[in-house]
Amino acid sequence: MSAINQSVTNMTDTKPTDERVRKLSPWRILLDRPELGSIAGTVLVFAFFGVFAGGSGMFALDGIINWAQVAGYLGIIAVGACLLMIAGEFDLSMGSMIGFAGVMVAIPPMYLGWPLWAAVIFAFVGSMALGALNGYLVVRTKLPSFIVTLAFMFILRGLTLVLSTSFANSTIVSGIGDKFTDDPVISAVFQGTTFHWLFNGLASMDLITKLPSGEPVVGGLPKVLVWWIVMALAAGFVLARTRFGNWIYTVGGDSNAAKNVGVPVRRVKISLFVLTAFCACLFGVLQVADVGSAAADRGLQKEFEAIIAVVIGGTLLTGGFGSVIGACFGALIFGVVQIGISYTNIDSDWYRVFLGGMLLLAVLFNHYIRSRAAATK
């Protein structure tokens, strides 16, 4: 009888197990992170330039600001491209939208007498309307977004050339920089640098390099970096913490299945095309504010650089998997390499070779990681 009681006790003490639940190893968890490849690539790039350009001033504060600013511009459009690609679509018109938005900002104040704030609002509204049209055509006709946005890439680039030459008799619309200086609100949002008090304080404590006059070598943080950080944090939060973020992943994984479970697929896709247009316009406005002019060739091939940065960041070309953090690391790699080459004895023409090589390596690495992850399921 005691043996029976002991057996019953052992049975009740045994915790039920669910074969569907298993503990994942840290390595497996790491492999499932889409930004793994971009973080590893960033470490390698920093190590490379640390060896070959470490004493050239590349990693001094002014050098850091230089390559960070390049990364910031690309990072802004990479954030929008990342969310759209996770949803399974592409926008090849982003680069042309940058130039078109710049012209929309510059021409009305310079030739039509508009106030600058009205021109900036006009540029954002117009760009986002074109993005919505892109998205509507894609979801309505079911044509590949590659084809639709490729058409808009040529349309917008052509319109930019027509408008600039018609009003300015040149492909460059100059003089707009003074308009930004005269508008305190627009200048505060888009032009120059910020956090001057912080850099002045660091200089007074001899924590950063100073000029002979006592002023810091770098007077503030470029606003493009502030916008990049804000956009990345907002997009990362939406993607990871909101229902809309879940919808983006679901639509990219299987749009038909997403539609069957009640996900508003059309609304999600059109919204993301609007977002990429907003990011491109923001790029254009910031660039016009910093350079002081608009040009018809601005943003040339930036759509491809954004896509490469996103792919390096671990986003699958087929959609349904990706990371805003990874896209930001991909943009950072671009900024470091593009500026870092000038600090070495390497011919700058190798930059494009690097872009193609990084894209190929990123695709192969992502394919390998996903294959390994699928094999261990």
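The values are calculated or read from the model by the stated rules, or taken from the named source; none is laboratory data. The model shown is predicted, which means the values in this text are computed figures rather than measured ones. All Cβ positions, glycine included, derive from the backbone under ideal geometry; neighbour counts span all protein chains shown. Areas reflect the complete protein model, heavy atoms only, side chains present, ligands, DNA and RNA absent. Shrake-Rupley method; radii C 1.70, N 1.55, O 1.52, S 1.80 Å.
Before moving on, here are some points about what is shown:
- Only one of the numbered conditions (1) free of Cβ contacts under 8 Å to residues at least 24 places away in the same chain; (2) not in a helix (DSSP H, G or I) is not met by Ala119, and that is (2).
- Among (1) without any contact (Cβ under 8 Å) to a residue 60 or more places away in the chain; (2) farther than 30 Å from Phe190 by Cβ; (3) part of a helix (DSSP H, G or I) - the single one Gly262 does not satisfy: (3)
- Residue ID - nearest to Ala60 (Cα to Cα), chosen from residues in region 292-311 that are part of a helix (DSSP H, G or I) and among the aliphatic types (A, V, I, L, M): Ala309
- Qualifying positions in region 181-197 - in a helix (DSSP H, G or I) and among the hydrophobic types (A, V, I, L, M, F, W, C): Val185, Ile186, Ala188, Val189, Phe190, Trp197
- Test: residue in region 322-339 that is out of contact with any Gly (no Cβ under 9 Å at 6 or more places or on another chain), among the β-branched types (Val, Ile, Thr) and at pLDDT 80 or above: yes
- Listed by first and then second residue, the pairs linking a residue in region 49-75 that is closer than 22 Å to Ile229 by Cβ to a residue that is assigned to a loop (DSSP other than H, G, I, E, B) and among the aliphatic types (A, V, I, L, M), with Cβ atoms under 6 Å apart and 6 or more places separating them unless they lie on different chains, are Leu61/Ile208; Leu61/Val218; Asp62/Val217; Asp62/Val218; Ile65/Val218.
- Matching residues, region 123-164, being of a type in the set (D, E, K, R), without any contact (Cβ under 8 Å) to a residue 12 or more places away in the chain and assigned to a helix (DSSP H, G or I): Arg140
- Sole exception among (1) surrounded by 13 or more Cβ atoms within 10 Å (Cβ to Cβ); (2) of a type outside the set (A, V, I, L, M, F, W, C); (3) farther than 22 Å from Val230 by Cα for Ser166, by number: (1)
- Restricting Ala234, Ala257, Ala240 to those that are part of a helix (DSSP H, G or I), open to solvent by 40 Å² or more (accessible area, probe 1.4 Å), farther than 21 Å from Arg140 by Cα and modelled with pLDDT under 95 reduces the list to Ala240.
- Taking the criterion of being farther than 17 Å from Phe124 by Cα and touching a helix residue (DSSP H, G or I) at 6+ places or on another chain (Cβ under 7 Å), the residues of region 252-294 that qualify are Gly252, Ser255, Ala258, Lys259, Val263, Val265, Arg266, Val268, Lys269, Gly292, Ser293.
- Looking only at region 272-331, and only at residues there that are open to solvent by 20 Å² or more (accessible area, probe 1.4 Å) and touching a Pro at 6+ places or on another chain (Cβ under 9 Å), the one that is farthest from Phe365 (Cα to Cα): Asp290
- Among (1) open to solvent by 30 Å² or more (accessible area, probe 1.4 Å); (2) free of Cβ contacts under 8 Å to residues at least 40 places away in the same chain - the single one Ala203 does not satisfy: (1)
- Residue check for Val173: more than 30 Å from Leu317 (Cα to Cα) and buried (at least 16 other Cβ atoms within 10 Å of the Cβ): yes
- Residue within region 22-39 that is modelled with pLDDT of 85 or more and either in a helix (DSSP H, G or I) or under 27 Å from Ala331 (Cα atoms) (or both) present: yes
- For region 340-357, taking the residues that are assigned to a helix (DSSP H, G or I) and open to solvent by less than 70 Å² (accessible area, probe 1.4 Å), the one that is nearest to Asn66 (Cα to Cα) is identified as Gly340.
- Cβ-Cβ under 8 Å pairs, at least 6 apart or on other chains, region 340-353 side modelled with pLDDT of 80 or more, far side assigned to a helix (DSSP H, G or I) and open to solvent by 80 Å² or more (accessible area, probe 1.4 Å): Ile341/Trp350; Thr344/Phe52
- Output for region 312-334, where each listed residue is over 11 Å from the mean Cα position of the chain (by Cα) and in a helix (DSSP H, G or I): Ile312, Ile333, Phe334
- All conditions in (1) touching a residue at least 12 places away in the same chain (Cβ under 8 Å); (2) within 19 Å of Met94 (Cβ to Cβ); (3) open to solvent by 20 Å² or more (accessible area, probe 1.4 Å) hold for Thr250, with the sole exception of (2).
- Residue match in region 165-180 (condition: touching a residue at least 24 places away in the same chain (Cβ under 8 Å), part of a helix (DSSP H, G or I) and of a type in the set (A, V, I, L, M)): yes
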